[in-house]
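Q: Shown below is the structure under consideration.
Rule-based calculations on the coordinates, nothing more; no lab input. This structure is a prediction, so every number in the text was calculated from the model and none was measured. Heads up, the Cβs are rebuilt from the backbone with ideal geometry, glycines too, and the neighbour counts pull from every protein chain shown.
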Amino acid sequence: MRAQINPSILSADFARLADEAQAVAGADWLHVDVMDNHFVPNLTLGVPVVESLRKATDTPLDCHLMIEDPDRWAPQYVEAGAGSVTFHVEAAAAPVRLAREIRAKGARASMALKPATPIEPYEDLLPELDMLLVMTVEPGFGGQAFLDIMLPKIRRTRELIAKHGLELWLQVDGGVSESTIERCAEAGADVFVAGSAVYGADDPAAAVRALREKAES
Ligand code: DX5
Ligand code: ZN
């Protein structure tokens, strides 16, 4: 299975975002963490920065919205140029309607689960989605330790995807590094977000290659 590696610009230098995006040109997607200081206790960036980033790189943008009221805001991220938009199910009022709206506007629709949110209640929603994100840390900050206790949820999600014969991608985000990525891949993840493991490295492009190699081994 080909692994997709999505560097998270949360760990990049926000004053040099265009250069930081170029530094990982071999990445599959650029992971853009949008935080509103309400859904999570941290504040990052919004629609105007996504619009500018879109012009600064050819790498498609994977926007992870850690915000309240994604029903209202997510469509604007598609218009800003995101190729994939992830909303948190804990914050969405109408996840099916929202996923359909994201798709109708031309982006991939993705839904995220915080560590304490189980996948089972959402089994019937899976056909509405292009990607499911299993958080492997509590969302809000980069550089946190990977939660091994999430591995069974990754495994169960992969089984549900197979059971329904879906093409859904399974993303993991949080604490993904050269020492944890193999466990995630073995459990069934195929899209890997990595912030500090990429931008904390001396050579971010080499870090992307090393992560991909481990995930595919
Ligand atoms: C955390 C964000 C992640 C973060 C991951 O809430 O959603 O995308 O950047 O950072 P690392 O890879 O350092 O755990
Ligand atoms: Zn993220």
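Q: Between residue 117 and residue 51, what is the spin-label point distance in nm, taking each point 7 Å from the Cα along the Cα→C-beta axis?
A: 2.8 nm
Q: What is the packing order of peptides 183-190, 34-41, 14-21, 61-68, taking the mean over residues of other C-beta atoms within 10 Å and listing the highest first? Let's see the in-between values first.
A: Numbers: 183-190: 20.5, 34-41: 17.8, 14-21: 14.2, 61-68: 24.5.
Those peptides, ordered most packed to least, come out 61-68, 183-190, 34-41, 14-21.
Q: With a 10 Å radius around each residue's Cβ, average the other Cβ atoms per peptide and rank 100-112, 136-148, 158-170, highest first. List each step's numbers first, then the result.
A: Numbers: 100-112: 19.6, 136-148: 17.3, 158-170: 14.5.
The most tightly packed comes first, giving 100-112, 136-148, 158-170.
Q: How big is the gap, in Å, between the Cα center of the range 129-191 and the Cα center of the range 45-107?
A: The range 129-191 and the range 45-107 have Cα centres separated by 20 Å.
Q: While we're on this one: In the range 2-34, whose amide N lies under 13 Å from the spot 7 Å out along Cα-to-Cβ of residue 58? List them in ranges.
A: Answer for this model: 22, 25-27.
Q: Quick one: pull the percentage of alpha-carbon pairs in the chain with a separation above 32 Å.
A: Numbers: 1995 of 23436 pairs.
Considering the chain, 9 percent of its Cα-Cα pairs are separated by more than 32 Å.
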